[in-house]
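The values are calculated or read from the model by the stated rules, or taken from the named source; none is laboratory data. Computed from a predicted model, the values in this text were never measured in an experiment. Here the Cβ positions follow ideal geometry from the backbone for every residue, glycine too, while neighbour counts run over all protein chains shown.
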Amino acid sequence: MFRPRISSLARFKRAVHQFKISDEVKDALSTGKPVVSLESTIITHGLPYPQNLEMARSVESKIREHGAIPATIAFMDGTPKVGIESWEIERLANAAGSGNINKVSRRDMAYTMANKLLGGTTISSTMILSQLAGIKVFATGGLGGVHRGAEVTMDVSADLEELGRTPVAVVCAGPKAILDIEKTMEYLETKGCLVATMGTPGSNVPGFYTRDSGVKSPYNFETFEQAAQIIHAGRQLGLDSGYLMCIPPPVQVALDDTLISGIIEGATSKANNLGIRGKELTPFLLSEIARETQGASVTSNIQFVLNNARAGAHIASALSRLKN
Ligand code: PSU
Ligand code: MN
């Protein structure tokens, strides 16, 4: 059996003392119950109040309904917490849009801790903390990726780097349609991240707001058990790279393709003209899309997260039934 080298074990021991895991999550992990982690940037920088609060609460209930334990992750006054309390979720939701809360990717973690800041975790930092806590499955809405025009700006989400180096399964509705999905898939291939989409063989990757981005998915799976088997095989082998499991959004809540692409183009050029870049870009684009669709994108976004949470709970349950 693989044993970590002493140095990495010591490093790991030191790291686990720096963050808090809730009793419920700790208990679930030690007894082998399925656990699904959740990010918090979607609460703090992805959705407006009060829909962010409603989403954060209902996504936890959805995971419980489908037989797993939810673990929402965030930085509370600098402390990374895995499995925050209901009042903490409320605090994060209230702080959205206030400018008093940090959007935390890998590069922001140390600063957020050292300065005792409140922070919403993106996919990248949620993956890191999930891995440290021993959580294998993480559910969210949409993935960050290679931005349009990245050949000039070099704006590539830290989510993709993390998917190349941290062995956690991210269950989502695909890369957001605000991105260059083809380049995002190329990048994930280079980084060695498994990408599979739920559907019959040959199904394309979903485009977050739409069921079909037009870009081919490298692999497909038709049942949650099959998804779990893929993750299990990679973990058995000790691969360090991540797993991206894409769940096309339900037909009833997917948005109209041509409508949304027009809005995205408008929002992207507005961001260009205003000089909005870096970590502000994704939140800006999401809020523009929400405004232009009169809130329809927010309603859909919440439905996608719930749908992915359900899938995540099933994948985590199937994974917990597979022997190590
Ligand atoms: N998906 C959503 N809303 C969001 C995000 C994803 O539906 O707000 C967040 C995630 O936390 C993701 C982040 O990790 O956006 C990516 O930001 P950037 O493009 O700056 O890396
Ligand atoms: Mn970016």
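The numbered conditions (1) away from ligand 1 (no atom under 14 Å from the Cβ); (2) surrounded by 17 or more Cβ atoms within 10 Å (Cβ to Cβ) are all true for Leu281 except (1).
Among the listed residues Cys193, Cys172, which satisfies the condition of being away from ligand 1 (no atom under 12 Å from the Cβ), in contact with a strand residue (DSSP E or B) (Cβ under 9 Å, 6 or more places away or on another chain) and touching a residue at least 24 places away in the same chain (Cβ under 8 Å)? Walk me through it before giving the result.
Working: Cys172 fails: away from ligand 1 (no atom under 12 Å from the Cβ).
Step by step, each of Cys193, Cys172 is checked, and only Cys193 is away from ligand 1 (no atom under 12 Å from the Cβ), in contact with a strand residue (DSSP E or B) (Cβ under 9 Å, 6 or more places away or on another chain) and touching a residue at least 24 places away in the same chain (Cβ under 8 Å).
Among residues of segment 122-146 that are over 18 Å from Ile315 (Cα atoms), those with a Cβ under 6 angstrom from a residue that is away from ligand 2 (no atom under 14 Å from the Cβ) and assigned to a helix (DSSP H, G or I), sequence gap 6+ or separate chain, pair up as Ser125/Met109; Leu132/Ala15. In segment 90-97, the count of residues that are among the polar types (S, T, N, Q) and farther than 16 Å from Leu47 by Cα is zero. For segment 24-45, the criterion of being touching a strand residue (DSSP E or B) at 6+ places or on another chain (Cβ under 9 Å), of a type in the set (A, V, I, L, M, F, W, C), within 16 Å of ligand 2 (Cβ to nearest atom) and assigned to a helix (DSSP H, G or I) is satisfied by at least one residue. With respect to Thr184, is the statement that it is more than 10 Å from ligand 1 (Cβ to nearest atom) and touching a residue at least 12 places away in the same chain (Cβ under 8 Å) true? In short, yes.
Quick check on segment 147-169: of everything there that is in a helix (DSSP H, G or I) and without any contact (Cβ under 8 Å) to a residue 60 or more places away in the chain, which residue is nearest to ligand 2 (Cβ to nearest atom)?
Here is the first cut: in segment 147-169, the residues in a helix (DSSP H, G or I) are 150-153, 158-165.
From what's left, without any contact (Cβ under 8 Å) to a residue 60 or more places away in the chain: 150-152, 158-161.
Values: Ala150: 9, Glu151: 14, Val152: 14, Ala158: 7, Asp159: 9, Leu160: 10, Glu161: 11 Å.
Filtering first and then ranking leaves Ala158.
Ile276 meets each of the listed conditions (1) more than 16 Å from ligand 2 (Cβ to nearest atom); (2) not in a helix (DSSP H, G or I) apart from (1).
Condition check for Leu179 on (1) out of contact with any Asp or Glu (no Cβ under 9 Å at 6 or more places or on another chain); (2) away from ligand 1 (no atom under 15 Å from the Cβ); (3) without any contact (Cβ under 8 Å) to a residue 40 or more places away in the chain: one failure, at (2).
For Gly142, are the conditions met, namely being over 24 Å from Gly78 (Cα atoms) and crowded, with 24+ Cβ neighbours inside 10 Å? Answer is yes for this residue. Residues that are out of contact with any strand residue (DSSP E or B) (no Cβ under 6 Å at 6 or more places or on another chain), surrounded by 15 or more Cβ atoms within 10 Å (Cβ to Cβ) and part of a strand (DSSP E or B) occur in segment 77-100; there is at least one.
Filtered by the rule that a residue be among the acidic types (Asp, Glu) and either more than 12 Å from ligand 1 (Cβ to nearest atom) or buried (at least 23 other Cβ atoms within 10 Å of the Cβ) (or both), segment 145-164 gives Glu151, Asp159, Glu162.
Do we have any residue at all in segment 4-14 that's touching a helix residue (DSSP H, G or I) at 6+ places or on another chain (Cβ under 8 Å), more than 16 Å from ligand 2 (Cβ to nearest atom) and at pLDDT below 95? It would help to see each step written out before you state the result.
Step one: of segment 4-14, the residues touching a helix residue (DSSP H, G or I) at 6+ places or on another chain (Cβ under 8 Å) are 4, 12.
In the following step, the residues that additionally are more than 16 Å from ligand 2 (Cβ to nearest atom) were identified as 4, 12.
Now narrow it down to the ones that are at pLDDT below 95: 4, 12.
Scanning segment 4-14, I find at least one residue that is touching a helix residue (DSSP H, G or I) at 6+ places or on another chain (Cβ under 8 Å), more than 16 Å from ligand 2 (Cβ to nearest atom) and at pLDDT below 95, so the answer is yes.
Among the candidates Thr166, Thr153, the residue that is more than 21 Å from Thr79 (Cβ to Cβ) and of a type outside the set (A, V, I, L, M, F, W, C) is uniquely Thr153.
Residues of segment 115-136 that are buried (at least 21 other Cβ atoms within 10 Å of the Cβ), under 27 Å from Leu322 (Cβ atoms), among the small types (Gly, Ala, Ser) and away from ligand 1 (no atom under 11 Å from the Cβ): Ser130, Ala133.
Within segment 108-123, the set of residues being within 16 Å of ligand 2 (Cβ to nearest atom), assigned to a helix (DSSP H, G or I) and of a type in the set (Val, Ile, Thr) comprises Ile123 only.
Checked against the criterion of being aliphatic (A, V, I, L, M), over 20 Å from the mean Cα position of the chain (by Cα) and farther than 23 Å from Leu306 by Cα, the candidates Leu188, Leu237 yield just one match: Leu237. In this entry, Gly278 passes the filter for residues that are more than 27 Å from Ser320 (Cβ to Cβ) and either modelled with pLDDT of 95 or more or in contact with an Asp or Glu (Cβ under 8 Å, 6 or more places away or on another chain) (or both).
Looking at this structure, is Leu38 touching a residue at least 12 places away in the same chain (Cβ under 8 Å), out of contact with any His (no Cβ under 7 Å at 6 or more places or on another chain), buried (at least 21 other Cβ atoms within 10 Å of the Cβ) and of a type outside the set (S, T, N, Q)? Criteria met by Leu38.
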